[in-house]
Each structure stands twice: as structure tokens, then as C-alpha cells.
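Asks: Mind looking over this structure? Questions follow.
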């Protein structure tokens, strides 16, 4: 069936196929996981669409190796084409219909190398959250025994020293519980450091990541995450499209001649957005204010958090230019 368009709803075990041939014939099929590749191997090269969800990049690579043209559709865009109740068959039909839209935007297929680096990032982010939860639990329970310290790593180190000190007046049961939390916190710190060393090693051997690290507010962690997530930045027409993909542009409610813009959309990859905003806060902490400086003027009229988001938006656009043009960041000349 040459010229067939197929919508494939992926899952762990049961896959749903909805295809439309060039002649307009429609066919539906339910497949088990083991039969997906054999089914598509028998088909002539076709356009296969899937939602950009869990395991979609894996199946995109597998079906692409069989000669098919695979396109990943953002789930938000597929939802508009689901008719009536949501079922696997309805989802597959909606994906197939979304492929026919001329203005549809697709998600680039990630390679195994990209997903491997992103696995390091996702695991590190999970361990960082667990470390924060452990530290908060330790602080909260020690406060019940009158042991408090300042915020930050230094203050937590003082509490850990008190837990380890036999002279600290603590019941034996509580000391045993706190020792478990302290050991867990130290173990998480060691695991996070090991993952960060692997991320930095990958960053040093990737040219795009090294170029991104020349931008103020972007270090090896953010640079490697951007390089692995984006791949080819030329998939975005402009830097604003890239910032919008990250959810750093305002949401809009406009009608007629009235244009209303609100808070940022927060769509897209929240991990990348968070890294850019944290980097913007770091830049603001070390920023030397100047009367003719854009950031100084912004901070004078807007709260610090809003200014950090605006700076992250600007950083994202600069990052797009660096990736799309293959250049390093050049500091703008200051007015004399």
C-alpha cells in the first residue's frame, strides 16, 4: 500500500494501528508488542505517526530502520482530533488525522546517544529531589529535639555533626533514625556527584555543548541538557519559537485589536526551563549594575523572579542562535 498514512498508538503490550491508503481505504489493526515490527516490515514505505510519549523515540528508530517515515506528534496537538470517547482506536485515528495537517509541528526523533545523556539528567534530577526531601526530614525531626541550624549545606553539615556526636543529648531510638537519614543523604550526595562527573565528561567531548557553555548562565549541566534535548536547532525557525517550545514566552488571550499577554505558558520541557531560570538567578547575583544595562533597567521596574524569567527567555534565544549557527557566544560591546 504505497502512500499509506498510519497512526500508531503505542503502549506497553497492546498497540493500535489506524491506516489510510492513498486510495482512501481505511484499515484498523490491534497488535501485540512482539508483532509490531513484523507487521510494519511487510508494509511498503509509509508515513507513520505516533504521539511523542514514553517509548515513542525507540519505536520511531525501529520503524525508521524499516524504511518508514516516522513523525512524532505532540500529545497536546493530537487531543483536538479525538472524537467522542477516548479509546486506543480513537487515539490512533486522531494521530492519523493530525498527520494530514499542513501546519502540524512534529517532534524530532532522538538518537540513543541523546536519550542516554538525558537518562543521566533525569536520574540526577530524581536524586536531587530525594536529597532535598531527606534533608528536610532530618531538619524537621531534629527541630523537635531543639537542634536547629542555618539554611544551606553549611547548616546541614552542623546538624549531621551533632547526629554523629555521642555527646549530643538524643534518645537512642531517635539517634538510630537520624543516622539512617544522615547515611541516606551522604549516599545521595555521592551518587549525584558521580552522575555529574559523567555528564561533564560528555559535555567536554560534545562540540555543541561546549559552545553553549560560553553563554553566561549556562554551565555544563544546562549545556549538555540543551544539546541532548534539542539535537538540530534549525528545526525551530527563530529563537522565539525555541523559547516558546521551552514555555518561556507569555500566554496570550487576544481578540480583535486587543492583545493580552499573561504569565509564561510553562509548556514544554520543565527540566530545561528550570535549569535556565536557575542560571538566570546566578547571573543576576553576580551582575554589576549599569545605568545603560538592559538587565539593570528590568530589575528596577520588575520583581527579581520576573526579571530572572525574562533573562532566561533571552538566554534561550541566544542558545538557539549558538546552536543553529554553530558559533560561540560573543559578549556584546558596551557603549562607551
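Yes/no per residue for (1) in contact (Cβ under 8 Å) with a residue 60 or more places away in the chain; (2) surrounded by fewer than 12 Cβ atoms within 10 Å (Cβ to Cβ); (3) assigned by TED's automatic domain parsing to the domain that holds residue 62; (4) more than 30 Å from residue 202 (Cα to Cα):
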| residue | (1), (2), (3), (4) |
| --- | --- |
| 124 | yes, no, no, no |
| 153 | no, yes, no, no |
| 166 | no, yes, no, yes |
| 173 | no, yes, no, yes |
| 187 | no, no, no, no |
| 190 | no, yes, no, no |
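Asks: Have a look at 35, 49, 24 and point out the one that is assigned by TED's automatic domain parsing to the domain that holds residue 94 and in a strand (DSSP E or B).
Replies: On inspection, the qualifying residue turns out to be 49.
Asks: Would you pick out the residues in the stretch 52-76 that are in a strand (DSSP E or B) and surrounded by fewer than 20 Cβ atoms within 10 Å (Cβ to Cβ)?
Replies: Our first condition is that a residue be in a strand (DSSP E or B); within the stretch 52-76, this holds for 69-73.
Selection gives 69 alone.
Asks: Only residues that are in contact (Cβ under 8 Å) with a residue 40 or more places away in the chain and surrounded by 14 or more Cβ atoms within 10 Å (Cβ to Cβ): list them for the stretch 77-105, please.
Replies: Those that are in contact (Cβ under 8 Å) with a residue 40 or more places away in the chain and surrounded by 14 or more Cβ atoms within 10 Å (Cβ to Cβ): 88, 89, 91, 92, 93, 94, 95, 96, 97, 98, 99.
Asks: Looking at (1) within 20 Å of the chain's Cα centre (by Cα); (2) modelled with pLDDT under 95, which is the one condition that is false for residue 261?
Replies: (1)
Asks: Can you say whether residue 139 is out of contact with any helix residue (DSSP H, G or I) (no Cβ under 7 Å at 6 or more places or on another chain) and either in the same structural domain as residue 220 (by TED's automatic domain parsing) or modelled with pLDDT of 95 or more (or both), as far as the supplied structure shows? Don't jump to the end; show me each part of the working.
Replies: On the way: out of contact with any helix residue (DSSP H, G or I) (no Cβ under 7 Å at 6 or more places or on another chain): no; either in the same structural domain as residue 220 (by TED's automatic domain parsing) or modelled with pLDDT of 95 or more (or both): yes.
No, not satisfied.
Matching residues to (1) under 22 Å from residue 80 (Cα atoms); (2) touching a helix residue (DSSP H, G or I) at 6+ places or on another chain (Cβ under 7 Å):
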site	(1), (2)
28	yes, yes
34	no, no
40	no, yes
44	no, no
48	yes, yes
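Asks: Can you report the number of residues in the stretch 175-219 which are assigned to a helix (DSSP H, G or I) and farther than 21 Å from residue 131 by Cα? Before the answer, list the steps.
Replies: Here is the first cut: in the stretch 175-219, the ones assigned to a helix (DSSP H, G or I) are 175-205, 207-212.
Adding the requirement that they be farther than 21 Å from residue 131 by Cα leaves 201-205, 207-212.
The qualifying residues number 11.
Asks: Still on this model: Under the condition of being touching a residue at least 12 places away in the same chain (Cβ under 8 Å) and outside any helix (DSSP H, G or I), which residue from the stretch 126-148 is surrounded by the fewest Cβ atoms within 10 Å (Cβ to Cβ)? It would help to see each step written out before you state the result.
Replies: Initially, the stretch 126-148 is screened for residues touching a residue at least 12 places away in the same chain (Cβ under 8 Å), giving 127-128, 130-131, 134-135, 137-139, 141-142, 145, 147.
Right, trim to outside any helix (DSSP H, G or I) and you get 145, 147.
Details: 145: 15, 147: 18.
Per the criteria, the residue is 145.
Asks: State whether the residues of the stretch 12-27 include one that is within 30 Å of residue 265 (Cβ to Cβ) and surrounded by fewer than 12 Cβ atoms within 10 Å (Cβ to Cβ).
Replies: no
Asks: So which helices (runs of 4 or more DSSP H) stay within the stretch 229-315 end to end and still have 2 or more residues that are touching a residue at least 40 places away in the same chain (Cβ under 8 Å) and buried (at least 19 other Cβ atoms within 10 Å of the Cβ)?
Replies: On the way: elements: 239-245, 270-285, 294-301.
Because the criterion is at least 2 residues that are touching a residue at least 40 places away in the same chain (Cβ under 8 Å) and buried (at least 19 other Cβ atoms within 10 Å of the Cβ), the helices (runs of 4 or more DSSP H) in the stretch 229-315 that meet it are 239-245, 270-285.
Asks: Another question about this same structure. For residue 95, only one of the following conditions fails: (1) at pLDDT below 95; (2) over 30 Å from residue 275 (Cβ atoms); (3) part of a helix (DSSP H, G or I). What is its number?
Replies: (1)
The values are calculated or read from the model by the stated rules, or taken from the named source; none is laboratory data. Since the model is a prediction, treat every value here as computed from it, not as a measurement. In this analysis, Cβ positions are derived from the backbone assuming ideal geometry, glycine residues included, and neighbour counts consider all displayed protein chains.
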